[in-house]
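Visitor: Here it is, the structure in full.
No lab work stands behind these numbers, since they all come straight from the coordinates. All values derive from a computational prediction rather than experimental measurement. Cβ placement follows ideal geometry from the backbone for every residue including glycine, while neighbour counts extend to all protein chains displayed.
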Amino acid sequence: MMSETAALLHARPMVPQIAHVHRRRHDAPDAWTLELEMASGERFHYAPGQFNMLTAFGVGEAAISVSGDPADGPLIHTIRAVGPVSKALTQLGPGDPIGVRGPFGVGWPMAQAEGRDVVVVAGGLGLAPLRPALYRLLGERDRFGKVTLLFGARRPEEIVFRREVEHWRSRLDIDVEVIVDHATGDWHGNVGVVTNLISRLGVDPAKTLAMVCGPEVMMRFVSMALVDKGVGEEAIYLSMERNMKCAIGQCGHCQLGPTFICRDGPVFTYERLKPLLAIKEL
Amino acid sequence: MENLERILSDHPFFHGVNKGFVELAAGCAKNARFEAGDFIFHEGEAADQFYLVREGRVALQVAAPGRGAATFLTLGAGEVFGVNWLVPPYRWVYDAKALERCRLIAMDAKCLRGKCEADHSLGYDIMKRLMPVLIDRLHETRLQFLDLYGSHG
Ligand SMILES: Cc1cc2nc3c(=O)[nH]c(=O)nc-3n(C[C@H](O)[C@H](O)[C@H](O)COP(=O)(O)OP(=O)(O)OC[C@H]3O[C@@H](n4cnc5c(N)ncnc54)[C@H](O)[C@@H]3O)c2cc1C
Ligand code: FES
């Protein structure tokens, strides 16, 4: 049986469902996390790595990945204010309405990751789309081999989900390394770029699957560093962002070569993306 | 001595170096240990050592006006630092500080330069090992400048 939300999306994919902001948290200097409740009262189901089109009414729509726990709790999005839509979204407060279309896209390869070592590499707010995958990896820990999170941020104060990252660090069943480009104040952790952490990483390349999310330039260099470690291009998964309008493969806004990011992605293997990464922003 | 040779050939920087070279290089090496917070060297001093990290983490820092010491790179086990030993005027251009207890191999720069000069094969081998480290660091520095995370993922 399809849920009411899923049935409506299926029938009218361009019409947003109404949700309300339940809570809003400041996560980084320019990023906020919104907890949403569907007006229908239903739970919102999605797979790690999928995204929604969020509407700030009267302003517009933007593609935003789900950053919450797919197994539990409210619908969560973490948004960086960069332009009109994302600014309007991040300024919504408790009780405000918001439009939700989705979930869209192919998420992280959770099934393929089973039985393998998983290296999660996040750059900046790229940790947001990876967080649902981390919840799944840690929630079903026995299904996976060694789990490692490598996280690069610009500065210590720009580390998103800081308390959670600290909690993961304290766990014994995941290796967490954080590195910042620019150390300030009392930071005693790693300083340098995230690729640095990969070169120091002990990996069993044949057993390893990588999930990478961050700006494209970061993902390119991370992929190359993983390939240098012997990880296969087909075992490196990246989440791509390109400008989106319809999110259902109709408008062509997100097209990258023969690929539609909204429909065929946003998660792809490096093997598939490598030739396309040379195509700059459209 | 025998022990130092083994330690050297176990370090990634010397992996695969032929035995004769390791023996030569070991003649310039000694173990060194620093506690958390110790400075290993200071900017402006003579670069008379080349360091290989065996254990612990080291921060390379430059004092920035109004900001105090700014760390621009941290290094850990298996890595090397202090490459100024190779290029005149052999002077440190940053501070190196132990972030935790560190066990290092310190190689006497004058001794190592002398051996590289006397045996160009050894010198060339060492150069081939240092060059990728320098190129990688240059590339990483460029990425740091690019401000990779400015636009989000
Ligand atoms: C699949 C997918 C998932 C996404 N997930 C998230 C997410 O979880 N959180 C999130 O905050 N964003 C996410 N984005 C990015 C988000 O969709 C865009 O940042 C958003 O469309 C910006 O809309 P805007 O109207 O606010 O800004 P625009 O008016 O589109 O842009 C304003 C300015 O910001 C620049 N800009 C646009 N996008 C970005 C960007 N991503 N980073 C930096 N500068 C940018 C533009 O070039 C322009 O100069 C995702 C995008 C895709 C395709
Ligand atoms: S956003 Fe319209 S085709 Fe992908």
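Visitor: Return the distance in nm (one decimal) between the two label points of a simple spin-label model at A:Arg24 and A:Ser3, each offset 7 Å from Cα along Cα→Cβ.
Guide: In this crude spin-label approximation the distance works out to 2.4 nm.
Visitor: Now for a separate question. With both partners inside chain A, how many of the DSSP beta bridges are antiparallel, as a percent to the nearest 5?
Guide: 60 percent
Visitor: Within region A:111-125, whose backbone N sits under 20 Å from a point 7 Å along Cα→Cβ of A:Met224?
Guide: A:121-124
Visitor: Provide Rg over Rh for region B:1-97; use the alpha carbon set for both Rg and the Kirkwood Rh (inverse mean inverse pair distance).
Guide: My calculation of the ratio gives 1.01.
Visitor: Let me ask something additional. What is the extension gain from B:Arg91 to B:Leu138, computed as 0.36 nm multiplied by their sequence separation minus the C-alpha to C-alpha distance, in nm to one decimal?
Guide: 15.0 nm
Visitor: Related question: Report the Cα centroid-to-centroid distance between region A:1-47 and region A:55-78 in angstrom, as an integer.
Guide: What the calculation gives is 6 Å, centre to centre.
Visitor: Related question: Taking only the alpha carbons of region A:24-145, what extent do you get along each of the three principal axes, in Å, biggest first?
Guide: 47, 32, 23
Visitor: Related question: Please give the average number of partner chain Cβ atoms lying within 10 Å of the Cβ of each residue in A:194-207, rounded to a whole number.
Guide: Mean number of neighbouring Cβ atoms from other chains: 2.
Visitor: Using only Cα atoms, figure out Rg for region A:31-74 and give it as a multiple of 2.2 N^0.38 Å.
Guide: So the Cα radius of gyration is 1.20 times the expected 2.2 N^0.38 Å.
Visitor: Another question about this same structure. For peptide B:136-149, what's the mean number of Cβ atoms from other chains within 10 Å of each residue's Cβ?
Guide: 6
Visitor: Apply the Debye scattering formula to region A:201-269, with a single equal point scatterer on each alpha-carbon and no solvent, then give log10 I(q)/I(0) at q = 0.17, 0.19 Å⁻¹.
Guide: Calculated log10 I(q)/I(0) at the listed q: -0.64, -0.74.
Visitor: Now for a separate question. Roughly how far apart, in whole Å, are the Cα centres of region B:1-58 and region A:219-282?
Guide: What the calculation gives is 43 Å, centre to centre.
Visitor: Taking the Cβ-Cβ separation of B:His120 and A:Gln250 as r and a Förster radius of 56 Å, what is the calculated FRET efficiency to the nearest 0.05?
Guide: The pair B:His120/A:Gln250 has a calculated efficiency of 0.25.
Visitor: In Å and whole numbers, how far do the C-alpha atoms of chain A stretch along each principal axis, longest first?
Guide: The Cα atoms of chain A stretch 48, 44, 38 Å along the principal axes, largest first.
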